[in-house]
Structures are given as C-alpha cells and as structure tokens.
Amino acid sequence: MNVACPECSSVFRVDPAKVPAGGVRARCSVCGGVMRVDSPPTFGDDAWSPAVPGRSATPAHAGRQPTPRRVTPLHGSSTAASPSHSPWRTSPLSSTTTPTHPAVVGSGMGGTVAHGETSTPSQGVTAASGVGTPAGAAPLVATPPRSSTPVRGHQAVFPPDTSTTDHSRSVEDTPGVGHPGSSGSGDRAAAAGPTVPAAPVAGPPVATPPASRFGHFPPSPSTPPRRPTPPASGLADRAQRPPINPFLANDPNQKAKRLARALVSDIVAYHPQQREQGLREGTLRQLFKDEIKKSYEEYVEQVGSEFAESTAHFQDALNEILASGRKMF
Amino acid sequence: MSMINYASREINCKIVYYGPGLGGKTTNLEHVYGKVSPDTRGKLISLATETERTLFFDFLPVDLGTIRGFRTRFHLYTVPGQVYYNASRKLILKGVDGVVFVADSQMERMEANQESMQNLYDNMTEYGYDITRMPFVVQYNKRDLPNAASLGELQAALNPGWELTEPSRQRMVADPGRPGEHLVSQLPTGEWVERAPYFEAVAVGGEGVFDTLKAVSKLVLKSLA
C-alpha cells in the first residue's frame, strides 16, 4: 500500500503486513515529518490504491509538493547550448585537439611538473591516476527521480518491496530524516513522539565526520542525521545512511533550500558594511532592495516560480542569514 | 580538453579554479603570477568589476617545462563565484582538463561552498564530464581565519567522495600529501570511497597555492597518458 507524507506529499510504499493492527507512526525520510500509518482495512488492499495519503494527511499540504521538473533545468539560462571558445582564444597556442599520443606523455614525464614520475611509462601513469574512477560514480550519477527516493526511504522502515525498481544502492541513497544541528523537521519529528523503529540513526557512522557546527545545513533528506544513537540492526540501520555524495544525488528541495541560502550568503559576503548598517537601523529591506530582487529572480529562474512561491526557503534565508535570525522579511 | 599541437610541439591544458565568491580564486592566480618567472608565464588577464570582483574570468598561461620535446603550457582560469553568474561559469568550464575547487573555510560561507560545489557537479554533468574521473583537487583556503571550520567538517561537507564499485580499485590508496590519510578507503559500512586530494591554503600569503597547482597539474599530465 502507499502512504503519503502530510508535510511534503512524498508517497511511500509500505508493506501492509508490517503495519501493526493499531497502526504506527512513521517518519518521512524526505522531510522528516511524522505521519500516521494505519493498518490496511480488512476488506482488501484495493482501498489502498496509489497515492492514498495517511490518515493524518491534511489536504492543505498538498499544494506544497515541489515540482521537480522545474528544478531540473538548474542554470538553464546559461549558454550551455553554444559555449563559445572565445574567452580562451587569448592563448596564442590554440590548435586542433588531437588524441594524445602515448609517446608524448610517456617516460618523459619527469618535466618540471611530474615530480618523480620521470621513469613512469604511460601505462603506469594510467594506473596510478589518483582521481579517475571508472565506475565508481555510475550508480550515484544515475540517481532515480525524486519520486523513487521515498520508496527507497521506506525500505528503511519496512522490508524491501520487491516491486520497487532500484535495488543496488537503495540503502546508501536513502536520505536521512533531518540534521541534529538544524531546527528543521528532524527535530520536529523527534518531538512528535515515538516513531517506527527505523527512525533513529544507527550503525557505524560514515567515515566523514559530522558537520555538527553547521547547524544551518539544510535538514534535508540527503543531509545525514548524525545522532550518536545505539546501533539498530539490519535493513533499518543501513537505510538510515545518507548518500555518500549528496552532490551526486538529486533532491530538488534541498537544492532549492541551499540555493536560497547561498544567494543570501552572497549578499552578506559582498556587502558586510551595508548589512551592519541595515541591521543597526532596521533598513535592510530598503538597503538591499535591488540585491534581494536580483537574487530572488535568480532563485525563481532556477527552481521555478511555482516552487519558489509555495515554499519559504528564500524568505527563511533572508531572515536567518541577512537579518541575523530576526523576522524582517 | 587538452590541445596538442604536433607542429609546434606544444601541449595546452586548461585548469579552472572554481568556488564560491570571495573564496580566493583570483588570489591564487595572482600569487602564481607573482612567483612564476616572467619567462614562463604570460599576461594575467582579469575581467573584474570596479571593486575588483571577478566579473567574467581571470586567465594566466604558465609554462611548466618540456615533456619529450613538447612544451607544456597550462592555462589557468578562474570563474566568477557569485551564484547568479552561472552562465559565465559554465562557459569557462567548457573544455576543462582539471578543476581546483577553492573553498572558503569560514563557517559563514559553508553553504556558499556547498552551493558552488553542487553547481560544479551540475555544470560538469551538463557538459557530459564526470568530475569523479577527472583531475580534481580541493583547496581549503583562508585557514588562518579564526572562524575557519575544521578540516573534518569541510571534508564531510564538500569532499565526501564517491563510491568505487570496481573490485580492482577497491584497495587502500594513501594520500601522498597527508601521512596517515587515504584517497581511497573503505567506510565502516563497507563501501569503498575515493575522495579528491585536498590542500590547506592561505592564498593571500601564498601558502598552499603551489601545492595545489602542482597536484592538479600532475593529475592532468597523468590523465593525458
């Protein structure tokens, strides 16, 4: 059966057999919101047709569902289609691009730059390349559409549904449920009461240390929850892991939130004195009218007007970053 | 991509310094320009605003010796860092051979770093380039500032690495620049992950600038093989 998150409208597949008779509270792996999952009616699963929301779903939230398609063409206004080479024609050395002959960079690499590679033959160089990753990124790059992420997130809570399509990286790609340092939905969910057993983060932490000092990191699905909770076992443990590389994941909501905050952060970074004055005199709105307008236009261009208007990411960023936490926008 | 001119026996490579605004990309190039002998460098071209913020790009050609009779010339570019200059950034990224991501270590700029990194991944993908298979190094600049984030935090946020699925590559690879650290390692959860080499820098003082440049140029030359 399917259950929709009342907060973000993400739809999850749930194995009805795993839902206790009295129902259960579950945490959305996308936004961290808590939803109620009731046991299916006894008259059959037909009643749980796709997109049937959980009982606690409120229609008012339906409009908040992001529109990934609008986010996809990030930076769509760029000149990607016809990038000109003109900027670097300043080089007098331009020539036709030709595949490198092995002899060119073979054993002669002991030039000024090669640093000890003097006798390294070309094949050795290839093997020793420190950055190349022939296949490592493939599964990550092929991030499934957003709608499939919650499905995989669901697998954290319930045993995998064989009807889901992505299996190979379901665990690693599964977003977390919030960031401990944030004031976002993760905390909200935690305060909402007990959840299904998979909610706490468990298992050995990812090798990279937590970004705990940056409490303002987006509490989004791909930002890992880093709570020092005791290990849980099996699938639930693995499913709570964040994606190894969030930059290779595709989470429109997180991208939009981060974009908004980065745009506002730029305003602050480029106009520190003006900002101080605005804070002091309460004139931020007037002083940064043009900058805010320009940044918002960029934001809308990248995420789409519908998404921009249906979320408060940009406004939140203005209040938290530009206005130092004061509600001025 | 790198251009090899057999007639004039020259190899030209393009390295782009990417990163958030005010992170120190131009400062990196200025330091290189100031330290490299005039015989081995060209003119530093900078298209900047009145306040010396990079408007389009900086460009600096540097000769880095001869390989088998081929003169190697690296073209160093920076991009404008501010979010809304993406069209310029993307244009400059075209044909890149190696990327240096110059991160601003200040905690306040962490999200700008992340947005810029995401933008780099996105733009590379849109060109069909795979950043995980290209010469790519990360420089954490402004390490001298009191509000600099720790290396662990920066690494976690900006250089989480990517999974290696090829069994032949699933072996520990030490980071030559950092004793005790690894470029390829296995997570406690079992996955093998490769990370980009990273360097600390204080570009205004020149610290770490040439370490970064050497590392990326070395990777570029290796990639030509």
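The values are calculated or read from the model by the stated rules, or taken from the named source; none is laboratory data. None of the values given here were measured: they were computed from a predicted structure. Neighbour counts are summed over all protein chains in view; Cβ atoms, including those assigned to glycine, are modelled from backbone coordinates with ideal geometry. Note: accessible area is taken over every heavy atom of the protein model, side chains too, but ligands, DNA and RNA are not part of it. Shrake-Rupley method; radii C 1.70, N 1.55, O 1.52, S 1.80 Å.
Please pick out the residue among B:44, B:76, B:22, B:91 that is open to solvent by less than 20 Å² (accessible area, probe 1.4 Å) and under 19 Å from the mean Cα position of the chain (by Cα).
Unique residue meeting the criteria: B:76.
Any idea which residue in segment B:192-213 is farthest from residue A:243 (Cα to Cα), counting only those that are without any contact (Cβ under 8 Å) to a residue 60 or more places away in the chain and open to solvent by 10 Å² or more (accessible area, probe 1.4 Å)? Talk me through it step by step, then tell me what you get.
Filtering segment B:192-213 for residues without any contact (Cβ under 8 Å) to a residue 60 or more places away in the chain gives B:192-193, B:195, B:211.
Those left that are additionally open to solvent by 10 Å² or more (accessible area, probe 1.4 Å): B:192, B:195, B:211.
Working: B:192: 13, B:195: 14, B:211: 30 Å.
Ranking the candidates gives B:211 first.
Could you tell me which numbered condition residue B:112 fails, if it satisfies all but one of (1) outside any strand (DSSP E or B); (2) of a type in the set (A, V, I, L, M); (3) within 7 Å of chain A (Cβ to nearest Cβ); (4) open to solvent by 10 Å² or more (accessible area, probe 1.4 Å)?
The number of the failed condition is (4).
How many residues, within segment B:1-12, are open to solvent by less than 10 Å² (accessible area, probe 1.4 Å) and either without any contact (Cβ under 8 Å) to a residue 24 or more places away in the chain or within 24 Å of residue B:158 (Cβ to Cβ) (or both)?
Number satisfying all stated conditions: 0.
Right, residue B:173: surrounded by 22 or more Cβ atoms within 10 Å (Cβ to Cβ), of a type in the set (Val, Ile, Thr) and modelled with pLDDT of 95 or more or not?
no
Report, by residue number, each residue of segment B:98-107 that is more than 15 Å from residue B:144 (Cα to Cα) and part of a helix (DSSP H, G or I).
If the condition is that a residue be more than 15 Å from residue B:144 (Cα to Cα) and part of a helix (DSSP H, G or I), then no residue fits.
Please enumerate the residues belonging to segment B:129-162 that are modelled with pLDDT under 95 and assigned to a strand (DSSP E or B).
Within segment B:129-162, no residue meets the criteria.
What are the residues in segment B:52-87 that are at pLDDT 85 or above and among the hydrophobic types (A, V, I, L, M, F, W, C), if any?
B:59, B:60, B:62, B:70, B:74, B:76, B:79, B:83, B:87
So which residues in segment B:93-107 are more than 17 Å from residue B:17 (Cα to Cα) and facing chain A (nearest Cβ under 7 Å), if there are any at all?
The one that is more than 17 Å from residue B:17 (Cα to Cα) and facing chain A (nearest Cβ under 7 Å): B:107.
Counting only residues that are small (Gly, Ala, Ser) and crowded, with 23+ Cβ neighbours inside 10 Å, give me the helices (runs of 4 or more DSSP H) lying completely in segment A:247-305 with at least 3 of them.
Counting at least 3 such residues, we get A:252-270.
If you go through segment B:31-51, how many residues are away from chain A (no Cβ under 12 Å) and either modelled with pLDDT under 80 or part of a strand (DSSP E or B) (or both)?
Keep residues of segment B:31-51 that are away from chain A (no Cβ under 12 Å), which gives B:31-35, B:38-39, B:41, B:48, B:50.
Applying the additional criterion that residues be either modelled with pLDDT under 80 or part of a strand (DSSP E or B) (or both) yields B:41, B:48, B:50.
Selection size over segment B:31-51: 3.
Filter segment B:42-78 down to residues that are farther than 22 Å from residue B:222 by Cα, of a type in the set (D, E, K, R) and in contact with a helix residue (DSSP H, G or I) (Cβ under 7 Å, 6 or more places away or on another chain), then give me how many there are.
1
Please find, among B:208, B:180, B:190, the residue that is of a type outside the set (D, E, K, R), more than 9 Å from chain A (Cβ to nearest Cβ) and within 16 Å of the chain's Cα centre (by Cα).
B:208
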